[in-house]
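One structure is given here, and the rest of the page talks about it.
The values are calculated or read from the model by the stated rules, or taken from the named source; none is laboratory data. Values in this document were obtained by computation on a predicted structure and should not be read as measured data. Cβ placement follows ideal geometry from the backbone for every residue including glycine, while neighbour counts extend to all protein chains displayed.
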Amino acid sequence: MTAFKNKVIWITGASSGIGEALALHCAKEGSKIILSARRKKELERVKAACNLPDEQVLVLPLDLAEHDAMQGKVDQVIAHFGQIDVLINNGGLSQRSLLNETEFSVFKKLMDVDYLGTVALTKVVLPVFIKQQSGHFGVITSLMGKFASPLRSGYCGAKHALHGFFDALRMEHHDDQIKVTLICPGYIRTNISKNALTSDGSAQESMDKATGAGMSPEDCAANIVKAIKREKMEVTIGGKETYAVLLKRLFPRLLHNIVRKAAVT
């Protein structure tokens, strides 16, 4: 795909952070946009900031934990735009708690939202892409989908699972002209750490130092759009933390020792 102009781009987690930045970036390129997240008021705010004609932006509230609602959401998108060109699976939650202290319900919620919610939406968009014989899934995973860190066991598990699922999807639907770009951000300056689940499921409500000093959401969004346009299979985005992917492959014990001792909040 060489341009986003007039393409129908569906963004989950569009009410803030990377998702909001993606919406604004796509709006500047003249895309038709579907904005999804739980908070309708915030989606309306993002819609206004996009400065596009009403018919070019659809606000579609969506809770990734409500798996059975996904088909109805896709039906609404098709009724409005008639097609979907790109689905950017961006919505999700993070975690900040020790495995041994974390209630099982927290692990379940992370899987229900970060993994199964994304799978559920993807599963009902897939037939649209097959019928069109075109379509692109952009999947915001994380560097935590490539290696792990203390205090993020459930989050890492869900993000690793996304890599396995979408690598398989890409192979199975190669002949349907369906593309997949796995996007692995590092430290991006969003509220992800403030909203991260702690051991009892409550939000951390504080900004991690490294996250606060991370790449801007706007720069991250620009890199994501570039990777999708270039039909990259996988891309890492961030600062020096992205080199950990290479360390994991070449010197896994060294990475283990570095991350084990690092400040991760």
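Below are the figures for this structure:
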{"item": "Neighbours by Cβ (under 8 Å, 6+ apart or cross-chain): first from segment 64-88, of a type in the set (Gly, Ala, Ser); second part of a helix (DSSP H, G or I)", "result": "65/109; 65/112; 65/113; 65/117"}
{"item": "Qualifying residue in segment 6-28 (condition: within 15 Å of residue 228 (Cβ to Cβ), among the basic types (Lys, Arg) and touching a Ser or Thr at 6+ places or on another chain (Cβ under 7 Å))", "result": "yes"}
{"item": "Residue count for segment 218-244, restricted to those that are of a type in the set (A, V, I, L, M), touching a strand residue (DSSP E or B) at 6+ places or on another chain (Cβ under 8 Å) and surrounded by fewer than 17 Cβ atoms within 10 Å (Cβ to Cβ)", "result": "1"}
{"item": "Enumerated strands (runs of 3 or more DSSP E) restricted to segment 56-157, each holding at least 1 residues that are touching an Asp or Glu at 6+ places or on another chain (Cβ under 9 Å)", "result": "57-59, 135-140"}
{"item": "Number of positions in segment 62-101 that are surrounded by fewer than 17 Cβ atoms within 10 Å (Cβ to Cβ) and more than 16 Å from residue 116 (Cα to Cα)", "result": "12"}
{"item": "Which listed residue, of 131, 123, is under 18 Å from the mean Cα position of the chain (by Cα), at pLDDT 95 or above, surrounded by fewer than 17 Cβ atoms within 10 Å (Cβ to Cβ) and within 18 Å of residue 178 (Cα to Cα)", "result": "123"}
{"item": "Matching residues in segment 245-260 - criterion: being surrounded by fewer than 16 Cβ atoms within 10 Å (Cβ to Cβ) and in contact with a helix residue (DSSP H, G or I) (Cβ under 7 Å, 6 or more places away or on another chain)", "result": "254"}
{"item": "Selection count where residues are of a type in the set (Gly, Ala, Ser) and surrounded by fewer than 18 Cβ atoms within 10 Å (Cβ to Cβ), scope segment 161-172", "result": "2"}
{"item": "Search result, residues across segment 173-217 that are surrounded by fewer than 17 Cβ atoms within 10 Å (Cβ to Cβ), at pLDDT 95 or above, in contact with an Asp or Glu (Cβ under 7 Å, 6 or more places away or on another chain) and of a type in the set (D, E, K, R)", "result": "200"}
{"item": "Residue pairs meeting the criteria (Cβ under 9 Å; at least 6 apart or on separate chains; first closer than 12 Å to residue 24 by Cα and aliphatic (A, V, I, L, M), in segment 215-228; second crowded, with 19+ Cβ neighbours inside 10 Å and at pLDDT below 95)", "result": "225/4"}
{"item": "Those helices (runs of 4 or more DSSP H) lying entirely in segment 213-265 with at least 1 residues farther than 23 Å from residue 138 by Cβ", "result": "244-250, 252-261"}
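Per-residue answers, yes or no, for (1) of a type in the set (A, V, I, L, M); (2) under 25 Å from residue 186 (Cα atoms):
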{"residue": "18", "(1), (2)": "yes, yes"}
{"residue": "31", "(1), (2)": "no, no"}
{"residue": "46", "(1), (2)": "yes, yes"}
{"residue": "49", "(1), (2)": "yes, no"}
{"residue": "69", "(1), (2)": "yes, no"}
{"residue": "87", "(1), (2)": "yes, yes"}
